[in-house]
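Engineer: Take a look at this one; I'll ask things after.
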Amino acid sequence: MMLGKGQYRHERILSRATVELMTSDHLIPEQRAGAEIFFGSYRSWGLGMAVDIERTDIFHTPGRFGWEGGFGTSAYTDPVEGMIGILFTQRMMDSPEPPKVFTDFWTLAYGAME
C-alpha cells in the first residue's frame with residue numbers, strides 16, 4: 001500500500017497526499033543535527049518513520065522510508081526501486097548503529113537488483 005502511494009490493488013486506502021506527508025522530511029536542520037546519533041546525516045524523520053534524504057551507500061537512497069527496530073527488525077520501502085524489504089532477527093540493537101546483519105541484508109538486497 002505504501003509503495004502504491006496509498007493504493008492497494010485497485011482500492012485507495014490512504015490519499016496520495018497523506019502518504020507523501022508521512023514519507024517526507026519534517027525536521028529542520030537544527031533538529032536533524034540534534035538527532036544525528038539516531039539518524040546519521042543521511043536520514044531524517046517523516047511521520048512515524050525514518051526517511052533517507054541522501055545517498056551514502058548502496059542502500060541509503062533518497063526517498064527510502066521505514067524503520068529499524070531495537071529488538072531486531074528492519075523494514076524499508078524504496079519507491080524509486082519499487083522495493084520492500086523486511087528483516088526479522090533475534091539480534092537486539094546494542095548501540096545507535098544497526099547490527100552488521102542489518103547492513104549486510106540491505107547491501108545484498110540492493111546488490112541483487114539490476
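Engineer: So what J values fall out for region 22-35 if you push phi through Karplus, 6.51 cos²θ - 1.76 cosθ + 1.60 with θ = phi - 60°, rounded to Hz, Gly and Pro as x?
Structural biologist: Calculated HN-Hα couplings, in order: 5, 9, 9, 5, 10, 9, 7, x, 5, 5, 4, 4, x, 9 Hz.
Engineer: Under 5 Å between amide H atoms, partner at least 5 residues away or on a different chain: which partners does R64 have, H built in plane at 1.01 Å?
Structural biologist: HN-HN under 5 Å from R64: D52.
Engineer: In addition: Net charge around R12, counting only other residues with Cβ within less than 15 Å of its Cβ (Lys, Arg = +1; Asp, Glu = -1)?
Structural biologist: Charge balance in the 15 Å sphere: +1.
Engineer: If you take Cα Rg over 2.2 N^0.38 Å from the coordinates, which of (i) 1.17; (ii) 1.07; (iii) 0.97 do you get?
Structural biologist: (ii)
Engineer: Give me the distance in nm between label points sitting 7 Å out from Cα along the Cα-to-Cβ direction at F88 and L108, one decimal.
Structural biologist: Label at F88, label at L108, 1.8 nm between them.
Engineer: Let me ask something else about it. Residues in region 34-65 near a label at S95, defined as backbone nitrogen under 12 Å from the 7 Å Cα→Cβ point?
Structural biologist: none
Engineer: Now for a separate question. Read phi for every residue in region 83-88 and hand back ³J(HN,Hα) as whole Hz from Karplus 6.51 cos²θ - 1.76 cosθ + 1.60, θ = phi - 60°, with x for Gly and Pro.
Structural biologist: 10, 10, x, 9, 10, 10
Engineer: Moving to a separate point now. So how far, in whole Å, is the C-alpha centre of region 74-114 from the one of region 8-39?
Structural biologist: 19
Engineer: Only helical DSSP H runs with n ≥ 4 go in: add -39500 (n - 2.57) per run for the chain, normalise by residue count and round the 222 nm mean residue ellipticity to 500 deg cm²/dmol.
Structural biologist: -6500 deg cm²/dmol
Engineer: Tell me the relative contact order for region 7-111 as a rounded percent, counting alpha carbon contacts under 8 Å between residues six or more apart.
Structural biologist: 17
Engineer: Follow-up. Can you tell me the length gained on complete extension of the stretch A75 to E36, counting 0.36 nm per residue apart and subtracting the Cα distance?
Structural biologist: 12.0 nm
Engineer: Sort 97-108, 43-54 for me by packing, meaning the mean count of neighbouring Cβ atoms within 10 Å per residue, highest on top.
Structural biologist: With the highest mean Cβ count within 10 Å placed first, the list reads 43-54, 97-108.
Throughout, read-outs are computed from the coordinates displayed, never taken from laboratory work. This is a predicted model, so every value here is computed, not measured. Don't worry about glycine lacking a Cβ; one is built from the backbone with ideal geometry, like all the others, and counts go over all protein chains shown.
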